[in-house]
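Below is one structure, written out as structure tokens; the observations come after it.
The values are calculated or read from the model by the stated rules, or taken from the named source; none is laboratory data. All figures in this text were calculated on a predicted structure; none of them were measured in a lab. The accessibility values were calculated without ligands, DNA or RNA, using every heavy atom of the protein model including side chains. Shrake-Rupley method; radii C 1.70, N 1.55, O 1.52, S 1.80 Å.
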Amino acid sequence: MIDIHSHLTFEDYDKDRDLVIIDAKKVLKAVITSGVNPEDSKKALDLYEKNKGFLYLMLGFHPIYANKYSDKDLEQYIEFIKKNRDKIIGIGEIGLDYYWIKDKSEIKRSKEIFVSFLELAKEIDMPVLLHTRKAISDGLNIIENEDIRRAVFHCFSGGTKLAREIWEEGYYISLATSIERNKNMKKAAKSVPLKLLLTETDSPFLSRIDGERNVPQNVNIVYREISKLKGIDIGEVERQVSENIHTLFNI
Ligand SMILES: [Zn+2]
């Protein structure tokens, strides 16, 4: 089993990060950790260097930071990512967040930044991992306009119709540990073809118990739910999801 999206650099793990990774290694084949801003991405790069072969790295820019960095900061950050191109397997997470960002000018800025990271992904030939909280349609339109071919909608919890628009374009849908309490995720687990499904925890977030810290090995919940909802053997789910991850990220 593989967790395609986590944030193992976050302070939630400051006291026992090494132990968390040792425990995850006992159960999982690999974990992808994702840098969300310039400072976090430096930490993520260090953590990746210490755990090569198990930990894989994505670098991106979370939309909630849109107003916290200047254009110059972002230019430098994009150069930093380009310089480390050989160490990453994708650009993410990037996207839009209409749950936290309501101010029009901030939304506009977050869109511009999103597009600049999509341009980066094209330039260095990388897949993208998308954060589209309350913004799935806009996210989909933007990546189609930008002619992005390899993308995953992380923590997807939209309806069946939106899910179909996404997978019919050949984009992937990633379901998270919160699937146990999320009806839309359950519907997606049923309706999205297995060859376009991925599995994640978004650790330290989205734990099965609200407020508790999540850990990567909890991704087994997602495999179990997909298996149950599709009525397919869990071994088959593991095999196909591994193949999907290999196809998209080449790991
Ligand atoms: Zn995340």
- Task: With the full set of protein chains in place, find how many percent of the accessible area of the chain is carbon and sulfur; take the probe as 1.4 Å.
- Result: 48
- Message: Please report the accessible area of LYS134 (heavy atoms, 1.4 Å probe, ligands and nucleic acids excluded) in Å², nearest 10.
- Response: 150
- Task: In Å and from the alpha-carbon atoms only, list the Rg and Dmax of the chain.
- Result: 16.8, 51
- How many Å² of accessible area per residue for the chain, probe 1.4 Å? 46
- Query: In terms of Cα to Cα distance under 26 Å, which lysines are near enough to LYS183, apart from those fewer than 8 places away along the same chain?
  - Reply: LYS102, LYS134, LYS161, LYS195, LYS228, LYS230
